[in-house]
Amino acid sequence: MLYSSNLIAVVGSSEDSNLFSSKWLTLWNTNNYTAICEISFPSKVQSVKINKFWLVVAVKENIHIYDLNNMKLLTSIDSKNYGVGRLVLAPNFTSSCFLCYSDSITDGKVSVYDCNEMVSYKPIEAHTAPVLKLAINMAGNKLVTASCKGTVIRVWRLPNGELIHSFHWGIHNAYIHSLNFSVVSNYVICSTAKGTIHVFQMDKDVDEDQEKQSKRKE
C-alpha cells in the first residue's frame, strides 16, 4: 500500500496465467474497489516498490520504473535481481528520488539510480559478501545495508556512497529478517533469526552536518 492512501499494488502467487498469476500486477483503488491498471510481465514479479510518484517493478532480468500519475513506463534497468528484499525506493520525493538495489550473489555492491534524473551513480562497495537487506531513510538521503553474514551494518550517504556509520554487533553469522531507520533517522533497527532485536544510535553531529548541507542546497 502507498502510505495511508487508497492505492494497493497486488501480485498473485500462482504460476498459472490466471487472475492470481505471479506474472501479473494489478493496481487497485480501495475506495471504489476497481482496478486502475493491470500489467503483465514475461516472468515472475520479484519485488514491487511504490511512493507518491513512481511504481517500481522488478522481474528476473529487469527493473521497470513507471510514472504513477499515468502508469507510463519511463525506463527499464537491466538487472538479474536474484532475491526479493534487495531493492528499495526512497519513500519521499525531494530533488532526487533514489532507487537502490543489489543484483549480485557473489559480492556486496549496491547500485544507485536517480528516478528523477534517470541517471545511475557509481555503485557502493557495501560489503564483501552479498547484500541481504537494505533500507532508505524517510528523507531519502541515507542507505543502510547488511550482508548475508549479518555481523556488520553500514550506513551510507546518498548518492555519493560515503560511509558515515559502521555497526559491529557480533562475530557469528546471523540472518537478518528486517532492517530500517527510525522516522527521523537517528536510529537503525534490525531483527535477526536468533530472536534478537538490535537498536543502533547514530552520531548526532553527523546528522546535523548532513542537515546543514541539505539546507544549503535548498
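Order TRP24, TRP169, TRP54, most accessible first, counting only protein heavy atoms with a 1.4 angstrom probe. Kindly include the intermediate steps, with their values, before the conclusion.
Values: TRP24 85, TRP169 55, TRP54 25 Å².
Most to least solvent-accessible, the answer reads TRP24, TRP169, TRP54.
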Using a 1.4 Å probe on the protein heavy atoms only, what accessible surface does ARG157 show? Give it in Å² to the nearest 10. 20 Å²
Want the number for ASP78 to HIS172: 0.36 nm per residue separation, take away the alpha-carbon distance, what's left? 30.4 nm
Measure nothing but the geometry: give the 0 to 90° angle between the long axis through the Cα atoms of 204-217 and the longest principal axis through the Cα atoms of the chain, rounded to 10°. 60 degrees
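Run lengths n ≥ 4 of DSSP H only: what is the helix-derived mean residue ellipticity at 222 nm for the chain, with -39500 (n - 2.57) per run over all residues, to the nearest 500? Mind dumping the intermediate values first?
On the way: 1 runs with 14 residues, N = 218.
Mean residue ellipticity at 222 nm (helix-derived): -2000 deg cm²/dmol.
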SER182 versus ASN92: modelled label distance in nm, points set 7 Å from Cα along the beta carbon direction: 1.6 nm
When all protein chains stay in place, what accessible area (Å², nearest 10, 1.4 Å probe) is found for SER120? 80 Å²
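So for SER5, SER147, what's the accessible-area order with a 1.4 Å probe, most first? Please report the intermediate quantities before stating the final value.
Working: SER5 40, SER147 10 Å².
Sorted descending by solvent-accessible area, the residues read SER5, SER147.
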Return the subset of LYS109/LYS149; LYS72/LYS109; LYS49/LYS80; LYS80/LYS194; LYS23/LYS52 for which the Cα-Cα distance in this structure is over 21 Å, preserving the input order. LYS72/LYS109; LYS80/LYS194; LYS23/LYS52
For the range 129-152 versus the range 170-195, the gap between their alpha-carbon centres in whole angstrom: 9 Å
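The values are calculated or read from the model by the stated rules, or taken from the named source; none is laboratory data. The structure presented is a predicted model; accordingly, all values stated were derived computationally and were not measured. Note that each Cβ is placed from the backbone with ideal geometry, even for glycine, and that neighbours are counted across all protein chains shown. The area values use the complete protein model at the heavy-atom level, side chains included, leaving out ligands, DNA and RNA. Shrake-Rupley method; radii C 1.70, N 1.55, O 1.52, S 1.80 Å.
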